[in-house]
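Below you'll find the structure, written out as structure tokens, and then a few comments.
The values are calculated or read from the model by the stated rules, or taken from the named source; none is laboratory data. These numbers come from a predicted model, not from an experiment. Ideal geometry is used to build each Cβ from the backbone, glycine not excepted, and the neighbour counts take in all protein chains shown. Remember, those area values only see protein heavy atoms, side chains included, never the ligands or the DNA or RNA. Shrake-Rupley method; radii C 1.70, N 1.55, O 1.52, S 1.80 Å.
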Amino acid sequence: VKTNFGVTFPARATYTYTATEILEDFTTKDPLLGDRRLSGRVTAGSELPYIPKHQASAMLGAEGKRWGVALSMTHVSRMREVAGAGALEDARASDSYTLFDVSGNVKLAKWAQLYLNVRNLTDRAYLVSHRPFGARPGAPRSMMAGLKVEF
């Protein structure tokens, strides 16, 4: 959307739904698929690990001739850490999380631009996996600023 003031408002949104199903029983030594408690047996109808059912993202920004700002959102649903069916177990599944990022830039000259990015703006704590060696958190809030120079 462009206004009479030379400001545009870019926007985007995406959503992905993914359903997985293992079609045949089998035995594996792969710890990502096989459950050691079940001697590596994987049964038909199980869902694949590390594939979230729901993923979404959205971005809304504002841009002028020499500047821009944007707020982004990313959502990922819980996902299994081992093939299986039924309710997710806390010790064998990641957290669901929604993160917000913000970015901005100012053009100083034709060849120079200042920028600032803040990831995980709300400093949301979340668990991405229990593997390979115990609980692993997602990235905390981080900030990056810089100067881009083009020759």
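At-a-glance table
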| item | result |
| --- | --- |
| For segment 81-151, convex hull volume per residue from C-alpha positions, Å³ | 139 Å³ |
| Residue-normalised accessible area of the chain, given per residue in Å² at a 1.4 Å probe | 68 Å² |
| Carbon plus sulfur fraction of accessible area for the chain, probe 1.4 Å, in percent | 60 percent |
| Backbone HN-Hα couplings from phi across segment 130-147 [Karplus 6.51/-1.76/1.60, Hz, Gly and Pro as x] | 9, 10, x, 10, x, 4, 10, x, x, 5, x, 4, 9, 10, 9, 10, x, 10 |
| Along principal axes, Cα extents of the chain, largest first, whole Å | 64, 31, 30 |
| GluC sites (Glu not before Pro) lying in DSSP loop within segment 1-87, provided at most 10 other Cβ fall within 10 Å | Glu21, Glu24 |
| Charge tally in the Cβ shell below 13 Å around Arg136, where Lys, Arg are +1 and Asp, Glu are -1, Arg136 excluded | -1 |
| In nm, spacing of pseudo-spin labels at His130 and Glu150 (7 Å Cα→C-beta vector) | 4.9 nm |
| Compactness of segment 1-88, expressed as Rg and Dmax over alpha-carbon positions, Å | 21.2, 67 |
| FRET efficiency for Arg92 and Thr122, using Cβ-Cβ distance with R0 set to 30 Å, rounded to 0.05 | 0.65 |
